[in-house]
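Novice: Please read through the structure below; I'll follow up with questions.
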Amino acid sequence: MKKIQPILILLLFLAGMTRVIAQTSTEIDKATKAGKTVFLVAYAGSSADATKAFSVAEETKKSYKGSSEVVKMNTTDAANKDLITKYRLAGAPLPLVIVLDKNGTIAGGLPLKDATSAKLVEMVPSPKMSEILKAIADGKSVYVVAYKADMPNQKSIMDNCAMACVKMDNKSVTVKVDLTDKNETKLLQNLKCDMNAKELVTYVINKSGQVVSTHNDITDVNTLVSSAKKAPASSCCPGGSKSGCGTK
């Protein structure tokens, strides 16, 4: 019995370790299902820098006004291999504090030397930006329609975007953004949108996250589809367009 006991202790220890390691993915899933932002700390084993990164993440959680969680991920744990692949962390400078939006999509990240609470909070996307990031992460293009309640032709424009999505075999989505929504000010600024526009403008973002075209008022379905299929260019992201709202 004495010979068996050390083996039992080892097995119990390993089982406990498996539960702890698997907890990283579980914690992320739990937080995103609850609609929470996650400040994910990726680190390679215990170290003074890792401890500092944990502190920055906790400070960020306290300063962030929304609902959030801090999750730690040890990249040296084999059970986190899939997460490392998912978040493309191979070769990344560690420790790293990553911002996951409420959909579990990466919104940004900073290595410890650059990470501050203010910078990390700034990376948390707005509700509409979160929708855009989720679509791009799923390999879809996006039709962003900037509007005001009193603008004409809204139904026709939304109908055309919906038909374009069908023609794209649902590999695109439509995100409608109110020009008067203060929560979306940063997104609208990144799109270089004219806040005094008199008609709706549709921004087409390809699956690589690049703003490939903008269209005033009603745009035909085929044009929307061809724009969404444009190949990636040198610049990217929903702030990468050099043209402003109201230009073609």
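The values are calculated or read from the model by the stated rules, or taken from the named source; none is laboratory data. Predicted model, so just to flag it, every value in this text is computed and none were measured. Using ideal geometry, Cβ is built from the backbone for each residue, glycine included, and neighbour counts are taken over all protein chains shown.
Novice: Filter the range 203-230 for residues that are free of Cβ contacts under 8 Å to residues at least 24 places away in the same chain and small (Gly, Ala, Ser); which is surrounded by the fewest Cβ atoms within 10 Å (Cβ to Cβ)?
Specialist: The extreme case among them is 226.
Novice: Going by the structure shown, is residue 198 touching a strand residue (DSSP E or B) at 6+ places or on another chain (Cβ under 7 Å) and either modelled with pLDDT of 95 or more or not small (Gly, Ala, Ser) (or both)? Even if it seems obvious, please write down each step before you answer.
Specialist: Numbers: touching a strand residue (DSSP E or B) at 6+ places or on another chain (Cβ under 7 Å): no; either modelled with pLDDT of 95 or more or not small (Gly, Ala, Ser) (or both): yes.
Taking the combined requirement at face value, the residue does not satisfy it.
Novice: Additional query: Which residue pairs have Cβ atoms under 9 Å apart, sit 6 or more places apart or on different chains, and have a first residue in the range 21-49 that is within 19 Å of residue 125 (Cβ to Cβ) and free of Cβ contacts under 8 Å to residues at least 40 places away in the same chain and a second that is of a type outside the set (Lys, Arg) and exposed (fewer than 15 other Cβ atoms within 10 Å of the Cβ)?
Specialist: Taking only residues 6 or more apart or on different chains, the pairs are 34/67.
Novice: Take residue 61 and decide whether it is modelled with pLDDT of 95 or more and in a helix (DSSP H, G or I).
Specialist: Working: modelled with pLDDT of 95 or more: yes; in a helix (DSSP H, G or I): yes.
In short, yes.
Novice: In this structure, is residue 136 among the aliphatic types (A, V, I, L, M), assigned by TED's automatic domain parsing to the domain that holds residue 208 and either closer than 30 Å to residue 184 by Cα or within 19 Å of the chain's Cα centre (by Cα) (or both)?
Specialist: Numbers: among the aliphatic types (A, V, I, L, M): yes; assigned by TED's automatic domain parsing to the domain that holds residue 208: yes; either closer than 30 Å to residue 184 by Cα or within 19 Å of the chain's Cα centre (by Cα) (or both): yes.
In short, yes.
Novice: So in the range 1-52, with the set limited to residues that are β-branched (Val, Ile, Thr) and either in contact with a Ser or Thr (Cβ under 6 Å, 6 or more places away or on another chain) or modelled with pLDDT under 50 (or both), which one is farthest from residue 78 (Cα to Cα)?
Specialist: Of the residues in the range 1-52, the ones β-branched (Val, Ile, Thr) are 4, 7, 9, 18, 20-21, 24, 26, 28, 32, 37-38, 41, 51.
Still in the running and either in contact with a Ser or Thr (Cβ under 6 Å, 6 or more places away or on another chain) or modelled with pLDDT under 50 (or both): 4, 9, 18, 20-21, 37.
On the way: 4: 27, 9: 21, 18: 10, 20: 12, 21: 8, 37: 25 Å.
Filtering the range 1-52 for residues that are β-branched (Val, Ile, Thr) and either in contact with a Ser or Thr (Cβ under 6 Å, 6 or more places away or on another chain) or modelled with pLDDT under 50 (or both), the one farthest from residue 78 (Cα to Cα) comes out as 4.
Novice: Output the residues belonging to the range 74-104 that are in contact with an Asp or Glu (Cβ under 9 Å, 6 or more places away or on another chain) and modelled with pLDDT under 95.
Specialist: The answer is 103, 104.
Novice: Can I ask one more? Looking at 199, 131, which one is of a type in the set (D, E, K, R) and within 15 Å of the chain's Cα centre (by Cα)? Please lay out each step first, then the result.
Specialist: On the way: 199 fails: within 15 Å of the chain's Cα centre (by Cα).
Going through 199, 131 in turn, the sole match is 131.
Novice: Continuing with this model, one more query. Give me the pairs, please: first residue somewhere in the range 146-164 and over 11 Å from residue 201 (Cα atoms), second residue anywhere and of a type in the set (A, V, I, L, M) and part of a helix (DSSP H, G or I), beta-carbon distance under 8 Å, and either six or more positions apart or on two chains.
Specialist: Going by the 8 Å Cβ cut-off, the qualifying pairs are 160/221; 160/224; 161/224; 163/221; 164/221; 164/224; 164/225; 164/228.
Novice: Exactly one condition in (1) crowded, with 18+ Cβ neighbours inside 10 Å; (2) touching a residue at least 40 places away in the same chain (Cβ under 8 Å) is false for residue 174; which is it?
Specialist: Of everything listed in (1) crowded, with 18+ Cβ neighbours inside 10 Å; (2) touching a residue at least 40 places away in the same chain (Cβ under 8 Å), residue 174 misses just condition (2).
Novice: Now for a separate question. Only one of (1) over 17 Å from residue 206 (Cα atoms); (2) crowded, with 19+ Cβ neighbours inside 10 Å fails for residue 118. Which number is that?
Specialist: Looking at each condition in turn, residue 118 falls short on (2).
Novice: In addition: Out of (1) in contact with a Pro (Cβ under 9 Å, 6 or more places away or on another chain); (2) touching a residue at least 24 places away in the same chain (Cβ under 8 Å), the odd one out for residue 83 is which?
Specialist: (1)
Novice: Determine whether residue 196 is in the same structural domain as residue 142 (by TED's automatic domain parsing) and more than 20 Å from residue 137 (Cα to Cα).
Specialist: yes
Novice: Given (1) among the aliphatic types (A, V, I, L, M); (2) at pLDDT 95 or above; (3) outside any helix (DSSP H, G or I); (4) touching a strand residue (DSSP E or B) at 6+ places or on another chain (Cβ under 8 Å), where does residue 233 come up short, assuming only one miss?
Specialist: Tallying (1) among the aliphatic types (A, V, I, L, M); (2) at pLDDT 95 or above; (3) outside any helix (DSSP H, G or I); (4) touching a strand residue (DSSP E or B) at 6+ places or on another chain (Cβ under 8 Å), residue 233 fails exactly one: (2).
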